[in-house]
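A short write-up of the structure that comes next.
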Amino acid sequence: MGVKLEKGSRVKLEKAGGGKLSEIIVGLGWDVGNGPSIDLDASCVELAADKTKLDIVYFGSKTSRDGAIKHSGDNLTGAGEGDDEQIFVNLDKLPANVQFVVFTVNSYRGQSFDRVQNAFIRIVDKSTGTELMKYDLSAKGGHTAMVMAKLYRHNGEWKLQAVGEVANGRTVEALLPNVIACL
């Protein structure tokens, strides 16, 4: 297992043995306690340096216009082991005008995170399948969404920051003010 991140942690994205990463997988997983299933959705927003929204990738728009980001599809229940939804990011294909890629999770049916268990986001080196880092998202509370993490360019390299800010909203569009506030 990779580095366990804490809220606010920043790390340089590189291969486990050092070297530049070209493709990563951002995995979201969760379990539900007693009661009906919860439909969590992983999404991401590409933003320019001036915080202008460039594109959004989610279950309803699974590939970014630049082709650098792809979504695995919608998991409606969180059932099963491992990642329930995945976002694939080709760092080398992200255009120069993309300064930030912010990852969010929301409860599509508006159920609160009180019932969500074992929630996590993890970053995996796509070429090797090696888990590089993992962030525990099991923040209990009455919120329906979280800004999970952000990728950002710094001196020509991609870095990752665990954000972990709670929010309320059933869609990634509703979370745009929260996304911009984390930059």
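Couple of notes before you dig in:
- Residue within segment 92-112 that is surrounded by fewer than 14 Cβ atoms within 10 Å (Cβ to Cβ) and in a strand (DSSP E or B) present: no
- Selected residue (criterion: nearest to the chain's Cα centre (by Cα)) from residues of segment 6-51 that are among the β-branched types (V, I, T) and part of a strand (DSSP E or B): V26
- Single residue of segment 132-154 satisfying the filter (modelled with pLDDT of 90 or more and surrounded by fewer than 18 Cβ atoms within 10 Å (Cβ to Cβ)) that is nearest to F100 (Cα to Cα): R153
- Options E131, E165: the member that is more than 19 Å from E14 (Cα to Cα), charged (D, E, K, R) and assigned to a strand (DSSP E or B): E165
- Total residues in segment 129-175 satisfying the condition of being among the acidic types (D, E) and either farther than 25 Å from A16 by Cβ or under 14 Å from the mean Cα position of the chain (by Cα) (or both): the figure is 3.
- Criterion: touching a strand residue (DSSP E or B) at 6+ places or on another chain (Cβ under 8 Å) and closer than 22 Å to R65 by Cβ - qualifying residue of L132, L160, L175: L175
- Between D74, D66, D39, the distinction of being out of contact with any Gly (no Cβ under 9 Å at 6 or more places or on another chain), touching a residue at least 12 places away in the same chain (Cβ under 8 Å) and farther than 27 Å from G8 by Cβ belongs to D66 only.
- Residue within segment 63-79 that is at pLDDT 95 or above, of a type in the set (S, T, N, Q) and under 15 Å from the mean Cα position of the chain (by Cα) present: yes
- First in segment 102-121 and touching a residue at least 24 places away in the same chain (Cβ under 8 Å), second anywhere and part of a helix (DSSP H, G or I), Cβ under 8 Å, 6 or more apart: V102/V179; T104/L175; T104/N178; T104/V179; N106/A174; N106/L175; S107/F113; A119/F113
- A162 being at pLDDT below 90 and closer than 21 Å to D84 by Cβ: yes
The values are calculated or read from the model by the stated rules, or taken from the named source; none is laboratory data. What you are looking at is a predicted structure, and each value in this text was computed from that prediction instead of being measured. Positions of Cβ are generated from backbone atoms using ideal geometry, with glycine treated the same way; all protein chains shown enter the neighbour counts.
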